[in-house]
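Engineer: Pasting a structure here, questions to come.
The values are calculated or read from the model by the stated rules, or taken from the named source; none is laboratory data. All values reported here derive from a predicted model rather than from experimental measurement. Glycine gets a Cβ as well: all are built from the backbone with ideal geometry, and neighbour counts include every protein chain shown.
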Amino acid sequence: DFLPLKCDACEEVFCKDHIRYDDHKCGSAYKKNVQVPVCPLCNTPIPVQKGEIPDVVVGAHMDKDCKYNPAQQKQRIFTNKCLKPGCKRKEMMKVVCEQCGGNFCIKHRHPLDHDCKGSSRPTSKA
């Protein structure tokens with residue numbers, strides 16, 4: 001039995017039952033923490049220097065350097081604009097014409113509906 005044991009963070013002396021940081025509620029355990037905290041807003045890893053308290057460093061990042069943009073959270077869903085002249089519809093997913101490769105709305109997805117200028121294959125299989 002190697003008693004007493006010295007805590008490598010706070011330098012206090014403890015028995016084997018209380019040597020763990022949690023067991024003696026070590027106030028200096030953060031000095032030995034090697035995890036890199038991540039900003040909860042922008043999901044960027046925040047570098048913490050030895051001896052700094054991670055909560056304080058992340059808080060300072062959030063106050064000064066954080067690139068979080070609340071407007072970015074509300075991203076547009078309907079971004080695929082129909083290429084048919086005069087049509088302003090947008091779809092959630094791309095609807096690509098097999099002949100010309102253009103992106104169209106549901107209404108103009110068929111080659112006959114958007115005056116397809118694609119390959120010389122017949123526009124109808126019927």
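Engineer: In the range 12-34, what residues are in a loop (DSSP other than H, G, I, E, B) and free of Cβ contacts under 8 Å to residues at least 12 places away in the same chain?
Structural biologist: Scanning the range 12-34 gives Asp17, His18, Arg20, Asp22, Asp23, Lys25, Val34.
Engineer: Let me ask another. Please verify whether Pro45 is over 30 Å from Cys116 (Cα atoms), outside the structural domain of His114 (by the TED database) and at pLDDT 85 or above, treating the condition exactly as stated.
Structural biologist: Criteria met by Pro45.
Engineer: Among the candidates Pro37, Pro85, single out the residue that is modelled with pLDDT of 85 or more and surrounded by 10 or more Cβ atoms within 10 Å (Cβ to Cβ).
Structural biologist: Pro37
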